[in-house]
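What follows is one structure encoded as structure tokens, with my remarks underneath.
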Amino acid sequence: MEEKILDVRGLTVCFQTAKGTIRPVDDVSLTVPRGSIVGIVGESGCGKSMTARAVMGLVRYPGKVTGGSVLLDGREISALPERERRKLRGSEISMIFQEPMTSLNPVMRVGRQVEEAVLLHTDCTREEAKARVLEIFREVEIPEPEARYDCYPHQLSGGLRQRVLIAMAAVCRPKLLIADEPTTALDVTVEAQILSLLERLRDAGVSVLLISHNLGVIARVCDYVFVMYAGRIVEQAGTEALFERPRHPYTRGLFRAVASLREGGDALETIPGVVPNLLHLPAGCSFSLRCASCRSDCERRLPALAETEPGHKVRCFLAGEGGAR
Amino acid sequence: MSEILLEARELTKEFPAAGGKRVHAVSGVSLHIYRNETLSLVGESGCGKSTLGRLMIRTMQPTSGEVLFRGQSVTAMREREFKPLRKELQLIFQDPYASLDPRMTVRDLISEPLETWRLCESREAVTARVQELLRAVGLPEEFLYRYPHQFSGGQRQRIGIARAIAANPAFIVCDEPVSALDVSVQNQILNLLKELKASRGLTFLFISHDLSVVRYLSDRVCVMFLGKLCEIGPTEEVYRHPRHPYTRFLLDAVPVPNPSQRGKERRLLKGEPPSPADPPSGCRFRTRCPFATERCAGEEPALRDFGGVQVACHRAESVQTEA
Amino acid sequence: MPGRKRERLENAADLRLQSQLGEEERFWDLMRRMARENKTAVFSFVLIVLMVLAAVLAPFLTPYDENSMDLLHRLSAPSAAHLLGTDEGGRDELTRLLYGARVSLLIGVVPALLSLLLGSLLGVIAGYRGGIVDTLIMRTADVTLAFPSMLLAMVIMYSLGGGIVNVFLTLTLVSWANVARVVRAQTLKLKNSEFVEAARVIGVSKDKIMRRHILPNCLPTLLVLFTLNIPASILTESSLSFLGLGIQPPNASWGLMINTGRQYLYSAPWLCFAPGAAIMLIVLAFNFLGNGLLDVLDPRQKKQ
């Protein structure tokens, strides 16, 4: 069995709202093997970003992690006090966000911001820290690192800012890097550069948990994929298996929607309806409202995440029969 | 060929920038749009596509050049002369969250154009027309008195579309109408736009940064880089045989949702996009272009015709053979 | 430009989450939340309502007449008959305080309302029209703000003479500029918002855009300004009356009552303390309520 860098079991996040309690993350279990890129894919509001925040211990009020465990390299971190967790963040586990502008301090030179991360987590001197920053800048292919070191964030393009953030996240050689929609705000040509950068980081020993709504991004770099819908994992499989043999009707619908867009035709394939409001989830399968193969059973009981073949799990009653369309 | 509805002649728009510089958002763009066609405008952020879209419907005036609507120069008109044309030239916004006044009900929002142009005689007629528009964009009539925040992104975008088509415009600019939406909803909106185009005889200028989105909807595609046209031609031709190196890179960069294509060696654009305040001499793409020669630095390429596709590249022939 | 677009998209993502979390809050939801989270604001609101009720119901709350003298009981100390004692004319201090509340509250609310109307109108026009109109309005506002407001009020009152209408006018002229500045800033922000651009594309006229899109979206800010302007007006009027420039006797306002009570500060201190305490309470109450509103209506100030 391969070594797990991240092992999340039964993670649940609750939000108290004026109109009731919702669970944006509901009993999510996932693992990231060492030296791999694992993807979480889903649409907005499906809980993929909240899962990442929960793993980092960054769920904000009024949200609360109400259950589950998070093991980082075999060590339980979800129960650690905030002080301990803060030490882990940036050194053993780090995260980059969608918007590279708001994640950087606008009045501080970018080099110093990265340097700060080094000084915080190691006991090297300023000179050593600066050397490390320049080294990581070169590694993430920031052109003219010495000149960029003294730039302010607004002087850099979106792609460069994202590189700086990746540098900041990777400078302490974390075991796990969580990338939350790292390319969504970027142009396609820059996106391609950032994705190949993530691959190189993986090859350098940093495992990556990549969160994206973009199936193309997931297909390009991930080794294993989790599909989320309305707070739950509905399907998980190796990337090739998932794209060749999607089992869950939601996954299939997504794939067909994307494929029809590429192929054209008279009308595009769609998934009817809208993502359900988490306050009013159906009692059974949360996709039942939009599912063409929905049976009466689906509305009453929640299907379990069941293995259909080694490494491929699906949360659908019909998956085993191959009957879901 | 059918008649030309809208034409841009040598449109240029400059914005003042810090340090006395001028940002060339759009430089000398000429193009025409036929009646009842969809022309897509594709390019990365900062290439001037949104600016060009707004110039076409005169919510912005060009620094130089002119826009002709049904043969008349819209640019030269006075405000008062232009007023009746205002309702012919409409816009669908990118962000359905910001483009609807949060304090207005759906009825108020959709009736605003009807009332502005006095298209209905009574309150009842307005309500009936709003209901009809709601049906046309696939929303239930019961939504009449709800507020925008009660809707999902896709539903809001439908409201925005209902507003845009309410006054029966001739031409609509769609400024990235689906890029803020989820994949499963995006296709619903694209289907709706195509259906409306057919049923109401609309003409679209469809702006997008995503090449994969425009293929389905558009008759012709136009690729922009840094305020200039690179390539313009029938959609399938441009997708199958991209002649401008930039078009090729754009097409290559779109991640394919198929892991078996992963091993394929990709051409990545190197370096950073040049600044629109200080564009390179000659061809604006040359600093990132692997095909660039000395000629590209000295001489700005003009649009040349290649069997219906126009390309602004000195080396279009060799790009084609090397592919 | 693209940066702004992205920022908006980012906000949109937040909003989407918000709508997942039980939908964006409407005005009354916000009020309810304030009621839950900010007890001081609720307490202040109750206090204000009680004071208003007391002022309105004054004739039923006290057996005495506001102005009838009783020279036998001049300057008597608080007792069962006169809970707050009597003043130099033998009038019941509590009665004077209740009737004075009518004047003082009116003086708080009316100029605040007038300056709100004037200020928001000029602010929206300045912000939306821009150019020379903007310059004219805003430079006038700057000049108004540059004067110490008390001095300005004294000069205006001195040239207009006393009387409640003139007090209203004076206080309005002193406080419109602040409103105009805030509303202008808000207008400039809203003017660049996408829904205003959308209205322009549809062909809505400038006046109608200001009326239908910009002003309604300024309302939360205006509400906060209103509650903060009221105590300012009450205080200024108190000072003016204290200086003899405001409400004229025999009418009672709290400021005037302090002014007359001042002469008996040592022999009958209650004549100053009672109206002083009333002014302090109402000013604090409006300030707390205003801050409470600011907290819930401006999400940027939201506490974690």
Condition met for A:L242 (surrounded by 15 or more Cβ atoms within 10 Å (Cβ to Cβ), within 9 Å of chain B (Cβ to nearest Cβ), more than 27 Å from A:G68 (Cβ to Cβ) and of a type in the set (A, V, I, L, M)): no
Some residue of the range C:203-215 being under 20 Å from the mean Cα position of the chain (by Cα), at pLDDT below 90, more than 30 Å from C:T95 (Cβ to Cβ) and within 13 Å of another protein chain (Cβ to nearest Cβ): yes
Test result for C:L289, under 18 Å from the mean Cα position of the chain (by Cα) and either surrounded by 24 or more Cβ atoms within 10 Å (Cβ to Cβ) or polar (S, T, N, Q) (or both): yes
Residue within the range A:282-301 that is within 13 Å of chain B (Cβ to nearest Cβ), among the charged types (D, E, K, R) and either buried (at least 17 other Cβ atoms within 10 Å of the Cβ) or not in a loop (DSSP other than H, G, I, E, B) (or both) present: yes
In the range B:73-114, residue farthest from B:E7 (Cα to Cα) [restricted to those that are within 9 Å of chain C (Cβ to nearest Cβ) and of a type in the set (D, E, K, R)]: B:R103
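From the list C:T187, C:T221, C:T236, which residue is part of a helix (DSSP H, G or I), within 30 Å of C:E88 (Cβ to Cβ) and either acidic (D, E) or in contact with a helix residue (DSSP H, G or I) (Cβ under 9 Å, 6 or more places away or on another chain) (or both)?
Step by step, each of C:T187, C:T221, C:T236 is checked, and only C:T236 is part of a helix (DSSP H, G or I), within 30 Å of C:E88 (Cβ to Cβ) and either acidic (D, E) or in contact with a helix residue (DSSP H, G or I) (Cβ under 9 Å, 6 or more places away or on another chain) (or both).
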Options C:V167, C:V174, C:V179, C:V196: the member that is closer than 30 Å to B:V106 by Cβ, touching a residue at least 12 places away in the same chain (Cβ under 8 Å) and assigned to a helix (DSSP H, G or I): C:V196
Hits in the range A:231-255 (condition: in contact with a Cys (Cβ under 6 Å, 6 or more places away or on another chain) and under 24 Å from A:L279 (Cβ atoms)): A:H248, A:P249
Whichever residue in the range B:228-247 is within 11 Å of another protein chain (Cβ to nearest Cβ) and closer than 22 Å to B:P290 by Cα and, among such residues, is surrounded by the fewest Cβ atoms within 10 Å (Cβ to Cβ): B:Y239
Listing of helices (runs of 4 or more DSSP H) fully contained in the range A:123-184 that carry 3 or more residues being of a type in the set (K, R): A:126-139
Test: residue in the range C:143-152 that is buried (at least 17 other Cβ atoms within 10 Å of the Cβ) and free of Cβ contacts under 8 Å to residues at least 12 places away in the same chain: no
Subset of the range B:168-211 [within 13 Å of B:Q90 (Cβ to Cβ), touching a Cys at 6+ places or on another chain (Cβ under 9 Å) and within 13 Å of another protein chain (Cβ to nearest Cβ)]: B:L193
Selection from the range A:68-103 of residues that are surrounded by fewer than 16 Cβ atoms within 10 Å (Cβ to Cβ) and either within 14 Å of another protein chain (Cβ to nearest Cβ) or without any contact (Cβ under 8 Å) to a residue 60 or more places away in the chain (or both): A:R75, A:E76, A:A79, A:P81, A:E82, A:R83, A:E84, A:R86, A:K87, A:T102
For B:A136: the one exception among (1) more than 10 Å from chain C (Cβ to nearest Cβ); (2) under 23 Å from the mean Cα position of the chain (by Cα); (3) buried (at least 22 other Cβ atoms within 10 Å of the Cβ): (3)
Filtered residues of the range B:220-256 (kept if among the aliphatic types (A, V, I, L, M) and in contact with a strand residue (DSSP E or B) (Cβ under 9 Å, 6 or more places away or on another chain)): B:V221, B:V223, B:M224, B:L226, B:L229, B:I232, B:V238, B:L250
Some residue of the range B:261-274 being in contact (Cβ under 8 Å) with a residue 40 or more places away in the chain, surrounded by fewer than 18 Cβ atoms within 10 Å (Cβ to Cβ) and either under 28 Å from B:A136 (Cβ atoms) or within 12 Å of chain A (Cβ to nearest Cβ) (or both): yes
Conditions (1) over 16 Å from the mean Cα position of the chain (by Cα); (2) among the aliphatic types (A, V, I, L, M); (3) closer than 27 Å to C:V49 by Cβ; (4) surrounded by 21 or more Cβ atoms within 10 Å (Cβ to Cβ): number failed by C:I282: (1)
Filter result for C:R262 (modelled with pLDDT under 80, part of a helix (DSSP H, G or I), farther than 24 Å from C:V49 by Cβ and not hydroxyl-bearing (S, T, Y)): yes
Residues of the range A:23-81 that turn out to be among the hydroxyl-bearing types (S, T, Y) and touching a His at 6+ places or on another chain (Cβ under 8 Å), as a count: 1
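To keep it simple, each residue is scored yes or no on (1) within 19 Å of the chain's Cα centre (by Cα); (2) closer than 16 Å to B:R262 by Cβ; (3) away from chain B (no Cβ under 11 Å).
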{"position": "A:L165", "(1), (2), (3)": "yes, no, yes"}
{"position": "A:E181", "(1), (2), (3)": "yes, no, yes"}
{"position": "A:L195", "(1), (2), (3)": "yes, yes, no"}
{"position": "A:V208", "(1), (2), (3)": "yes, yes, yes"}
Output for the range B:149-184, where each listed residue is assigned to a loop (DSSP other than H, G, I, E, B) and more than 24 Å from B:I33 (Cβ to Cβ): B:F151, B:S152, B:A180, B:L181, B:D182
Subset tally (residues that are among the aromatic types (F, W, Y) and over 17 Å from B:V221 (Cβ atoms)) for the range B:1-55: 1
Index of the failed condition, C:N178 passing every other in (1) in contact with a Pro (Cβ under 8 Å, 6 or more places away or on another chain); (2) within 30 Å of C:P275 (Cα to Cα): (1)
Condition check for A:V208: more than 22 Å from B:E272 (Cα to Cα), at pLDDT 85 or above and not in a helix (DSSP H, G or I): yes
Given (1) touching a Lys or Arg at 6+ places or on another chain (Cβ under 8 Å); (2) within 13 Å of chain B (Cβ to nearest Cβ); (3) part of a helix (DSSP H, G or I), index of the condition C:L145 fails: (2)
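Looking at C:T187, C:T170 in this structure, which one is of a type in the set (V, I, T) and more than 30 Å from B:I92 (Cα to Cα)?
One residue alone meets the criteria, C:T170.
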Matching residues in the range C:43-58 - criterion: being within 14 Å of C:A278 (Cβ to Cβ) and surrounded by 14 or more Cβ atoms within 10 Å (Cβ to Cβ): C:L47, C:I48, C:M51, C:V52, C:A54, C:A55, C:A58
Residues that are of a type in the set (D, E, K, R) and either part of a loop (DSSP other than H, G, I, E, B) or in contact with a His (Cβ under 9 Å, 6 or more places away or on another chain) (or both), drawn from the range B:10-28: B:K13, B:E14, B:K21
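The values are calculated or read from the model by the stated rules, or taken from the named source; none is laboratory data. Values in this document were obtained by computation on a predicted structure and should not be read as measured data. All Cβ positions, glycine included, derive from the backbone under ideal geometry; neighbour counts span all protein chains shown.
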